[in-house]
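All remarks here apply to the structure that follows.
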Amino acid sequence: MSGMKLTDLYGPIKTELKKVEDILAERLGGKDRGVMSEINRYLLSAKGKRLRPALAILSARASSKRQSSVSIRPLVRLASALELTHMASLVHDDVIDKSDLRHNRPTINSKWGDDVSVAVGDYLYSEAFSLISDCGNPDIIACISPAIRAMCEGELIQVCERENLELLKHSYVVIVKKKTAALFAASCHAGSMLTSEDPCVRDSLRKYGLNFGIAFQMRDDCMDLIGEVRALGKAPGADFKMGELTLPVLKLLSQKKDNGHIISLLKQTGDVRAFKKIRERFINSGALVKAREEISRYVDKAKNNLNVLAGSCFKENLLALADYVNDDLKSYDNSR
């Protein structure tokens, strides 16, 4: 599926995604002309991937035996809440990581300051929970709340243990599951809750989201090291600058080739030359190949989780989304 765009995969659910955009505009547009309204308009204009809403909608559709029976209102409100939750986490992440750029433009914290950014993130979370409560299904709240707690736990572990190399070596996947994959899993799980009573179907979608989310974050960690500003929408090397141990570095260290020098380079977090040396080693040493293989394993797990579903265009697009995760790393693989 090389060259495939997310918008191509969103085709069958474009009506629902348009309603999500309308809800986001309604919630964040507002009539107030103050700073809050200005910030909300700025957030809306970023136009992110809308991946979590798409996964929730596709999961709901793929789980349903009768498409005509799918209730659109709770589904699009759930999807909107998931996007607001994701937006809130990004605003807070940018403060923690001291990021200046996202979606190829200044971050909220670089324009309005850290104090405003923290408050904005909290506000977005409150809007998300307001929408979730409107879904009229307490099981949805019970599904999403633990995911948000896990996101916070993952961030805390990563921030508090940055200097603990040995712990991070063994905790990387745990952090990824909590910080990123938990919300993907909840998105798919909650979507299926709205259209299926079958616990096997619901759990299969949850597992799909979990494995998809792990693969997605691993891919994101690799792109942070080897990607370009234009593709990333932000400056590469954020993890390196913050001293975070991610998949590409773990794969480098696992080769046990000159690890002392690699660790020395990793400690030079403010040195552009050190970053470039780590980048070159990752691409040229075979570590990138190993990273792609690891990502592919989780992609395959995610796809296999969908075997329980009946055939549909929605299932096919969930399968294609899993393939999309690993697609853009291929151009950097010197072994091909």
Query - Condition broken by K277, with the remaining ones in (1) closer than 29 Å to H86 by Cα; (2) in contact with a Leu (Cβ under 7 Å, 6 or more places away or on another chain); (3) surrounded by fewer than 18 Cβ atoms within 10 Å (Cβ to Cβ) satisfied - result: (1)
Report task. Identify the single condition in (1) among the β-branched types (V, I, T); (2) surrounded by fewer than 20 Cβ atoms within 10 Å (Cβ to Cβ); (3) within 21 Å of A181 (Cβ to Cβ); (4) modelled with pLDDT of 95 or more that V91 does not satisfy, given that it satisfies every other one. Result -> (2)
Query raised in the report: When both residues are 6+ apart or on different chains and their Cβ atoms are under 8 Å apart, which pairs have a first residue that lies in region 199-211 and is part of a helix (DSSP H, G or I), and a second that is polar (S, T, N, Q) and surrounded by fewer than 23 Cβ atoms within 10 Å (Cβ to Cβ)?
Result: R202/S196; S204/N305; S204/N307; L205/N305; K207/N305; Y208/N305; N211/N305
Query raised in the report: If the Cβ limit is 6 Å and pairs must be 6+ apart or interchain, which residue in region 220-242 that is more than 23 Å from E163 (Cβ to Cβ) and at pLDDT 85 or above pairs with which residue that is of a type in the set (S, T, Y) and surrounded by fewer than 20 Cβ atoms within 10 Å (Cβ to Cβ)?
Result: I226/Y332
Requested in this report: Search region 308-335 for residues being closer than 15 Å to D221 by Cα and of a type in the set (A, V, I, L, M, F, W, C), and hand back the single one that is modelled with the lowest pLDDT.
Outcome: L329
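Would you point out which residue out of S110, S133 is farther than 23 Å from K47 by Cβ and assigned to a helix (DSSP H, G or I)?
Sole residue among the options that is farther than 23 Å from K47 by Cβ and assigned to a helix (DSSP H, G or I): S133.
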Query - Extreme residue, nearest to R149 (Cα to Cα), among residues of region 85-130 that are of a type in the set (F, W, Y) and in contact with a helix residue (DSSP H, G or I) (Cβ under 7 Å, 6 or more places away or on another chain) - result: Y125
Query - Contacts under 9 angstrom Cβ, first residue in region 170-181 being among the small types (G, A, S) and modelled with pLDDT under 95, partner crowded, with 22+ Cβ neighbours inside 10 Å and assigned to a helix (DSSP H, G or I), 6 or more apart - result: S171/Q158
Query raised in the report: Just for region 144-191: of the residues that are closer than 19 Å to A128 by Cα and hydroxyl-bearing (S, T, Y), which one is surrounded by the fewest Cβ atoms within 10 Å (Cβ to Cβ)?
Result: S145
Report task. For P106, state whether it is out of contact with any His (no Cβ under 8 Å at 6 or more places or on another chain) and free of Cβ contacts under 8 Å to residues at least 12 places away in the same chain. Result -> yes
Report task. Please work out if G286 is of a type outside the set (D, E) and within 23 Å of L156 (Cβ to Cβ). Result -> no
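Residues are listed down the side, and each one gets a yes or a no for (1) assigned to a helix (DSSP H, G or I); (2) touching a His at 6+ places or on another chain (Cβ under 8 Å); (3) within 22 Å of S126 (Cα to Cα):
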residue	(1), (2), (3)
I13	yes, no, no
K19	yes, no, yes
R27	yes, no, yes
L43	yes, no, yes
A46	no, yes, yes
K49	no, no, yes
A79	yes, no, yes
H86	yes, no, yes
S89	yes, no, yes
**Report entry** Residue count for region 262-287, restricted to those that are small (G, A, S) and touching a helix residue (DSSP H, G or I) at 6+ places or on another chain (Cβ under 6 Å)
**Finding:** 2
Query - Restricting region 1-37 to residues that are hydroxyl-bearing (S, T, Y), surrounded by fewer than 18 Cβ atoms within 10 Å (Cβ to Cβ) and modelled with pLDDT of 85 or more, the residue that is nearest to S64 (Cα to Cα) - result: T15
Query raised in the report: Does D115 satisfy being assigned to a helix (DSSP H, G or I), without any contact (Cβ under 8 Å) to a residue 12 or more places away in the chain and either surrounded by fewer than 21 Cβ atoms within 10 Å (Cβ to Cβ) or of a type in the set (D, E) (or both)?
Result: yes
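One line per residue, one yes/no per condition, for (1) touching an Asp or Glu at 6+ places or on another chain (Cβ under 9 Å); (2) small (G, A, S); (3) farther than 30 Å from L266 by Cα:
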| site | (1), (2), (3) |
| --- | --- |
| A128 | yes, yes, yes |
| S133 | no, yes, yes |
| P138 | no, no, yes |
| A147 | no, yes, yes |
| A150 | no, yes, no |
**Report entry** Complete set of residues in region 119-158 that are at pLDDT 95 or above, among the acidic types (D, E) and within 22 Å of K19 (Cβ to Cβ)
**Finding:** E127
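The values are calculated or read from the model by the stated rules, or taken from the named source; none is laboratory data. From a predicted model like this one, the values you see are computed outputs, not experimental measurements. Heads up, the Cβs are rebuilt from the backbone with ideal geometry, glycines too, and the neighbour counts pull from every protein chain shown.
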